[in-house]
Amino acid sequence: MTTATETPVGVEAVRVDDISKVFGSGRGAITAIDGMSVHVDRGDFLAVVGASGCGKSTLLSLVAGLEEPTTGTVDVGGRKVAMMFQEASLFPWLTVGSNIEIPMRVNRVPKAERRRRVEELLELVRLQGMAKKRPHELSGGMRQRVALARALAQDADVLLMDEPFGALDAMTRDILHDELERIWRERNLTIMFVTHNVREAVRLGDRVVLLSSRPGRVIEEFTVEGERPRRIDSARIAEQAARITDRLREEVSRHA
């Protein structure tokens, strides 16, 4: 299987050029993003951090095609894009397997193929044998694994993640960090990961992009140092996270 380390260097998967996004019009208009440019190479893991309301989620919506930029361009080169949200948003009346099948049903994948791929995806996210369970029978971390499997069922090249672990306890989040890193490598994914947690961003990302307070602009980009796998409680992670946090505090104070 191809790994992330075998990805050709410099092949862009996502190119966001000088985009702005304005919601509403007239005096009630709100500029969420102003002149933002972000480029993500294929196979990269990009983390995006910033204060609340800085346009992080809007950026993902624009890359996903859920919103159109007011100005500027977003180009994913025809690649498939999937999005994962903070809430698992599973249908409670469906089984785990049926929840994962939803994007395959939309794409008219034959029943036998759907069932085979559900089993493969459940194995990938370490939930073997859970296909017939209902969401209420699962823990919060397990539900997020199902949501991840459902996103991967779309056979996307680019995975957008909007604070997917924000509501989980620290231990479950740490375990899912390891699982996500493993899946990212095994599936050769390109990931854009939005989070409020700077340590999480440094733990997972190749690069961390820091956004300004509204309107969102890229104010600095940090390359994460250190070999993988990383520990979120390691001294090196703490040191790099502190540097980014200090810069974030400066930005928040400037707009307070």
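Please work out how many pairs of lysine residues in the chain are eight or more positions apart (or on different chains) and have Cα atoms closer than 27 angstrom. Could you put the intermediate results ahead of the total?
Working: 21/56; 21/80; 56/80; 80/111; 111/132; 111/133.
So the count of such lysine pairs works out to 6.
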- Query: Helix 96-106 sits at what angle to the longest principal axis of the chain, using alpha carbons and giving 0 to 90 degrees rounded to 10?
  - Reply: 70 degrees
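Using the alpha carbons of the stretch 91-155, what is the convex hull volume per residue in cubic angstrom, as a whole number? Spell out each step's value before the answer.
On the way: hull volume 4.7 nm³, N = 65.
Dividing the Cα hull volume of the stretch 91-155 by its residue count gives 73 Å³.
Once the Cβ-Cβ distance between residue 136 and residue 89 is put in as r, and R0 is 22 Å, what FRET efficiency do you end up with, to the nearest 0.05? Could the numbers behind the result be given before it?
Working: r = 14 Å, r/R0 = 0.63.
Between residue 136 and residue 89 the formula returns 0.95.
Determine the calculated [θ] at 222 nm for the chain from helices alone, applying -39500 (n - 2.57) to every DSSP H run no shorter than 4 residues and normalising by the residue count; nearest 500 deg cm²/dmol. Spell out each step's value before the answer.
Working: 7 runs with 93 residues, N = 256.
That calculation yields -11500 deg cm²/dmol at 222 nm.
Taking a quarter of the surface of the convex hull around the Cα atoms of the chain, what do you get in nm²?
Values: hull surface 59.3 nm².
Computing the convex hull of the Cα atoms and averaging its projections yields 14.8 nm².
Just tell me the longest site-free run in the chain, where the sites are trypsin sites (Lys or Arg not before Pro) in a DSSP loop having at most 16 other beta-carbon atoms within 10 Å.
Working: sites that count: 79, 80, 108, 126, 132, 133, 231.
Answer from the scan: 134-230.
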- Message: What do you get for GluC sites (Glu not before Pro) in the stretch 149-206 restricted to DSSP loop and a cutoff of at most 12 other Cβ within 10 Å of the site's Cβ?
- Response: none
- Query: Could you give the nm distance between label points at residue 15 and residue 178, where each point is 7 Å from its Cα heading toward the beta carbon?
  - Reply: 3.9 nm
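Which FRET efficiency value, to the nearest 0.05, is calculated for residue 227 and residue 186 with the Förster distance at 25 angstrom and r the Cβ-Cβ distance? Don't skip to the end; give the middle numbers.
Values: r = 18 Å, r/R0 = 0.73.
Here the calculated transfer efficiency is 0.85.
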- Query: What does the charge count near residue 112 come to, summing +1 for each Lys or Arg and -1 for each Asp or Glu among other residues with Cβ under 15 Å from its Cβ?
  - Reply: +3
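Any read-out appearing in this document is the output of simple, stated calculations on the displayed coordinates, not a laboratory observation. Treat the numbers as computed from the prediction; the structure is a model and nothing was measured. Cβ: placed from backbone, ideal geometry, glycine included. Neighbour counts: every protein chain shown.
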